[in-house]
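Engineer: Take a look at this one; I'll ask things after.
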Number of protein chains: 4
Amino acid sequence: MVQGSVNLNTELTKEWLQDYVDSWINFYKKQTVDGEVATYIPILAEADQHALGISIIGKNGVTIKSGDTEEKFTIQSISKVLTFIAACMDRGLSYVLNRVDVEPTGEAFNSIMHLEMKQPKKPFNPLVNSGAITVSSLLSGKTSDQKLESLFILMEKMIGYRPEVNVDAYESERDTSMRNRSIGYYLLEGGYLESDLGITLETYFKQCSIEITIDDLAKIGLVLSNDGLDPNTEEEIIPRSVARLVKALMLTCGMYDASGKFAAYVGIPAKSGVSGGIVAVVPPRVRDEELPFLDGCGIGVFGPALDLQGNSIGGIKLLRHIANQWDLSLF
Amino acid sequence: MVQGSVNLNTELTKEWLQDYVDSWINFYKKQTVDGEVATYIPILAEADQHALGISIIGKNGVTIKSGDTEEKFTIQSISKVLTFIAACMDRGLSYVLNRVDVEPTGEAFNSIMHLEMKQPKKPFNPLVNSGAITVSSLLSGKTSDQKLESLFILMEKMIGYRPEVNVDAYESERDTSMRNRSIGYYLLEGGYLESDLGITLETYFKQCSIEITIDDLAKIGLVLSNDGLDPNTEEEIIPRSVARLVKALMLTCGMYDASGKFAAYVGIPAKSGVSGGIVAVVPPRVRDEELPFLDGCGIGVFGPALDLQGNSIGGIKLLRHIANQWDLSLF
Amino acid sequence: MVQGSVNLNTELTKEWLQDYVDSWINFYKKQTVDGEVATYIPILAEADQHALGISIIGKNGVTIKSGDTEEKFTIQSISKVLTFIAACMDRGLSYVLNRVDVEPTGEAFNSIMHLEMKQPKKPFNPLVNSGAITVSSLLSGKTSDQKLESLFILMEKMIGYRPEVNVDAYESERDTSMRNRSIGYYLLEGGYLESDLGITLETYFKQCSIEITIDDLAKIGLVLSNDGLDPNTEEEIIPRSVARLVKALMLTCGMYDASGKFAAYVGIPAKSGVSGGIVAVVPPRVRDEELPFLDGCGIGVFGPALDLQGNSIGGIKLLRHIANQWDLSLF
Amino acid sequence: MVQGSVNLNTELTKEWLQDYVDSWINFYKKQTVDGEVATYIPILAEADQHALGISIIGKNGVTIKSGDTEEKFTIQSISKVLTFIAACMDRGLSYVLNRVDVEPTGEAFNSIMHLEMKQPKKPFNPLVNSGAITVSSLLSGKTSDQKLESLFILMEKMIGYRPEVNVDAYESERDTSMRNRSIGYYLLEGGYLESDLGITLETYFKQCSIEITIDDLAKIGLVLSNDGLDPNTEEEIIPRSVARLVKALMLTCGMYDASGKFAAYVGIPAKSGVSGGIVAVVPPRVRDEELPFLDGCGIGVFGPALDLQGNSIGGIKLLRHIANQWDLSLF
């Protein structure tokens, strides 16, 4: 423990931790004024700019929650991680990696330019839009609902219930996201897609519109922390090779144009979305035996005020603080 | 241990490990025919395309060496890691990070385009040439020899002796590397540099021409693995905050255009150079108590036959094999 | 006259000219083997690679035709000139120029990259696809047929009959041109378009599929040569300011990535299409009173074998030869 | 004549023309406040922002001068036209065109990006810096003074005296133009140059620093208008094929990023420099027999207040006005 000595009585530790986290939430909540909520669709524009919440779930069952913990929000780009996993489970990891690379781009998440400029044989990675849409085209099934079925099954195993698409959000995304349609047609023309474009985009817009909570994100993070195994039963939810590769991918490409800084200053795999959600993964390690989370945990954050890179401004600061305090960085 | 059961007798284990590593070296040596040695300066062009060697040094003193272990070679781009550290120690981490970002670029290491296209306030990261040259300009001192002094002091603490610049290599670099001069003048015009350009480039070309062995690289990796502390005395060689940030930077940006794939398939911080060297860092962790290296080690590789991205073709394959066999990935 | 002395008896001159042109056609027909017909839609792929024909119509009524003169072919990108004129007549020149620039791009005609990289307030020019689609959105009318009405009225005045859309070609374009849909959605997202995207693209695909002959192209060129006036009646078909600006635009941007070379080596306003058509405009001038075409003429060329830039390979060479022989360059 | 009827008495006409031009100069002088003088070297920064002058010299000897006509200023980028001509005369047109293309770029004049992004076999055109530096390397001679000799001989024939390099300007250019050094090294690395880089850049900086007046520019324009022949003696100063190609090049690439607009709105070959000079070429033509300039003239303009593209803001407006009033456009 960085901040003072704590004995190993878990209940006491948990109380201390809760106090810390509450105070940090209060502190970083004030800094949400420096960000702005996304406004391109009504459901995002209506979000409470000052909201900030966190849920941390450890493998040993310890849970800390603080701040605005009850909100439901759309998963947005965080879904890219999950459809990538689902596609790998549908098609096999090497099949998917033959169709999408795992390299950072240096370009904005919604760039077409890097495809035209580099003419790569495959999109740069599954966490930029061009790669994510390609991945959605790889999901099994002919309709968008069939394609999403793999995703729903996966998510149900991770979060304990079958999530739902927010229809208003989906319809807004579908009707406004012209850049994604542009990317879609560009991919279609380049031969990158394996499904009908209309179905692929329907799938993509629906997956982005799935509703979720920070507890759900923390649970997703925890399964990834546990290399794809159910943290309670140790049954395989995600093949280990996929789970581990996904964590590397999140670290190098997960936080938009700020992925490098997040790796440097926070140092754990994470993926953000424009709704203000972040899922972060703390892999197991034993540096400090006093801190119960160090055998692995998942973290879910929600804070809709975004910084210029599109990441939750309060969420990033909060995670950086926690990672430094508890020495969570992989490095 | 992935491959069979091994008892905890270290000597026995070491023997087993040596056998494994020898067999892997023999196997991957054959694959060096698929790569090509760099040819832009004589000293690189003369390298033995079929050479492949590895040195692994653990915190506990265990050392495994195999293959072509005695070669001296120029450090090339691996120096970028060390001058970044030296500059952070000369100027302070935040001073340096105000002048160079830590984001992957998606462009080739010697690109100017990304500076013109993005007009960033600082170069993307210290491991592409534009960032590395900027970092060299930040080193203390007025002459190139004064600037290199910080680097030599740092390296001497890490490898146990004061390294030397290969004068032929330096002169070749100085006389042929027109792209780096082009980058240098571009940086100068943009106001990125803090020293005279001539001195800065002289420093840069000299730092790339420092001679080194795989043992040296392994020792450098081991100090980084140990968060900047001397593995024997636990005295601080590098401030912990710098050492840890550097490992994150190596993971996201260290292996040229293949950094994302190296993170995904190998999963440890590493930096390569066009001479065929790679330094890799295995942070301490306790997943498997039988494997002595898992309390942290450094790895040095030399294999001058390069793949299309400019990384040692045999070295990459060998590291991937070892990381998978011994479960070294951070993720 | 460059080639020998010719008296002013027009009939005799015409005979000489016909002989010259016939011999040049025969010569350059052989060089069509070096090009390739476009293959992205069936109607283009079926074209006769060896075809080459020319029609030259002077203001004084002199007409020279040679080679494959009877083919009907789709107008393709040449339509961009005509919809730009129609939009200027519908909306006013300054209205249109506020929405599309007149600068060469240095990029391929179907590039999206230059929009993302430069983020211009308007597409670079009306003769690249992004500009042409924007222009199609500016045409008056709510349906594609209403929008095309301005174009048909304009063309009927120029060529003497109402042209028709080749339905097969249109359907092929509509069903295959995914890059244009990508550009369309990119433009829509950027707020460049003034009509529904579906209608705009329908208009664009139809305009590209209008059937035409080299006589029609020569007549179009002649009206432009005559600053927009009917060459027989001197009635205004196109406002003079529009006609003259269009000729400048054709000179700087009309021949894809080879526009600069065409200006340098041929030196007259021209626009090509991937079906192998070229319209060229010889403005009136009096350098040599013996050559009847020097009071202005229009030239239509058809030669479906294309060079790497997408221009008729035989057509370019033929026009270069004629321009040099008859001293047609503006410069 | 556009503005009222004028009889053919040349003296009277000249008086009228002088009155017109004086009034236009007075009008556009006021608009120079909207521009800014270049400031990157002292000699440019010291220029009078409100200055505006024009010199028009017709083939028939008619000369109109108005405004600030006596200033000497550095020729800057206008020299690119002249070194291109000199190199063509030294090496032959085809030799030079094998080493530099004649295509517009769509990029800024001092861009390196387009070389890296497109990897062309030759720079885009001789009027962007990368092309101009390449052309300077092609000039005969081993020293910069030897190289400039071809240029001085050419210029002396055009302007009647041997011009001189402004040493202060040269030294400023040499000491500050880091971007050009960057471009130079990039070209050197790519194998584009045919002379030592130091000599080439010295040549380039000197050629940009030649002092000139608007009368000189008008005379240069007049020789080009006359297809390279001395307007008085009709002796060949520049080969006709070179003179004509240069005019095409000026039209497509001469006015930086506003070349397309200048062609569309003014319509005559021209080249500008950051000192505020413009040379414009009015080719001979007979549309209106009353206007004495229509048998060809050269125009020199000086107005150091620049617009955002780097062209003289008053000069552009003045030329546009004159071209419209006197119907000078080629189109």
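Engineer: Pick out the one residue from A:82, A:93 that is at pLDDT 95 or above and within 20 Å of residue A:312 (Cα to Cα).
Structural biologist: Values: A:93 fails: within 20 Å of residue A:312 (Cα to Cα).
One residue alone meets the criteria, A:82.
Engineer: For the stretch A:216-236, give me each residue that is surrounded by fewer than 22 Cβ atoms within 10 Å (Cβ to Cβ), in contact (Cβ under 8 Å) with a residue 40 or more places away in the chain and within 15 Å of residue A:86 (Cα to Cα).
Structural biologist: Residues satisfying the conditions do not exist here.
Engineer: Do you know which of the residues in the stretch B:260-273 that are more than 7 Å from every other protein chain (Cβ to nearest Cβ) and among the small types (Gly, Ala, Ser) is nearest to residue B:207 (Cα to Cα)?
Structural biologist: Among those residues, the one meeting the criterion is B:273.
Engineer: How about the stretch A:75-111: which of its residues are in a loop (DSSP other than H, G, I, E, B) and within 24 Å of residue A:44 (Cα to Cα)?
Structural biologist: A:75, A:107, A:108, A:109, A:110, A:111
Engineer: Something else: Go through the stretch A:225-249 and give me each residue that's more than 9 Å from every other protein chain (Cβ to nearest Cβ) and among the hydrophobic types (A, V, I, L, M, F, W, C).
Structural biologist: A:229, A:237, A:238, A:242, listed by residue number.
Engineer: Looking at (1) over 30 Å from residue C:190 (Cβ atoms); (2) modelled with pLDDT under 95, which one does residue A:52 not meet, given that it meets all the others?
Structural biologist: (2)
Engineer: If I ask for residues that are in a helix (DSSP H, G or I), crowded, with 20+ Cβ neighbours inside 10 Å and more than 10 Å from chain B (Cβ to nearest Cβ), which ones from the stretch D:164-201 would you list?
Structural biologist: The answer is D:169, D:170, D:172, D:173, D:199, D:200, D:201.
Engineer: Could you grab me the full set of residues in the stretch A:117-163 that are of a type in the set (S, T, N, Q), assigned to a loop (DSSP other than H, G, I, E, B) and within 14 Å of chain C (Cβ to nearest Cβ)? Working first, answer last.
Structural biologist: So the first thing to find is which residues in the stretch A:117-163 are of a type in the set (S, T, N, Q), and the list is A:119, A:125, A:129-130, A:134, A:136-137, A:140, A:143-144, A:146, A:150.
From the residues that got through so far, the ones that are assigned to a loop (DSSP other than H, G, I, E, B) too are A:119, A:125, A:140, A:143.
Selection gives A:119 alone.
Engineer: Could you look through the stretch B:37-47, keep only residues that are loosely packed, with under 15 Cβ neighbours inside 10 Å and in contact (Cβ under 8 Å) with a residue 60 or more places away in the chain, and pick out the one that is farthest from residue B:72 (Cα to Cα)?
Structural biologist: Result: B:40.
Engineer: When you scan the stretch D:244-267, do you find a residue that is closer than 17 Å to residue D:216 by Cα and not assigned by TED's automatic domain parsing to the domain that holds residue D:157, even just one?
Structural biologist: Initial filter on the stretch D:244-267 (closer than 17 Å to residue D:216 by Cα): none.
Checking the stretch D:244-267: not a single residue is closer than 17 Å to residue D:216 by Cα and not assigned by TED's automatic domain parsing to the domain that holds residue D:157.
Engineer: From the set of residues in the stretch D:274-292 that are modelled with pLDDT under 95, away from chain C (no Cβ under 14 Å) and part of a loop (DSSP other than H, G, I, E, B), which is farthest from residue D:322 (Cα to Cα)?
Structural biologist: The extreme case among them is D:290.
Engineer: Then there is this: Give the residue, chosen from D:177, D:150, D:140, D:195, that is assigned by TED's automatic domain parsing to the domain that holds residue D:123, at pLDDT 95 or above and over 30 Å from residue D:234 (Cα atoms). I'd like the intermediate steps shown before the answer.
Structural biologist: Numbers: D:177 fails: at pLDDT 95 or above; D:150 fails: over 30 Å from residue D:234 (Cα atoms); D:140 fails: over 30 Å from residue D:234 (Cα atoms).
Exactly one of D:177, D:150, D:140, D:195 is assigned by TED's automatic domain parsing to the domain that holds residue D:123, at pLDDT 95 or above and over 30 Å from residue D:234 (Cα atoms), namely D:195.
Engineer: Could we say that residue C:27 is of a type in the set (Phe, Trp, Tyr) and over 28 Å from residue C:154 (Cβ atoms) here?
Structural biologist: Here the answer is yes, as residue C:27 does meet what is asked.
Engineer: So which residues in the stretch C:250-259 are facing chain D (nearest Cβ under 9 Å) and of a type in the set (Ser, Thr, Tyr), if there are any at all?
Structural biologist: Of everything in the stretch C:250-259, those that are facing chain D (nearest Cβ under 9 Å) and of a type in the set (Ser, Thr, Tyr) turn out to be C:252, C:259.
The values are calculated or read from the model by the stated rules, or taken from the named source; none is laboratory data. Because the structure is predicted, anything quoted here is derived from the model rather than measured. Counting neighbours? That spans all protein chains shown, and the Cβs are built from the backbone with ideal geometry, glycine included.
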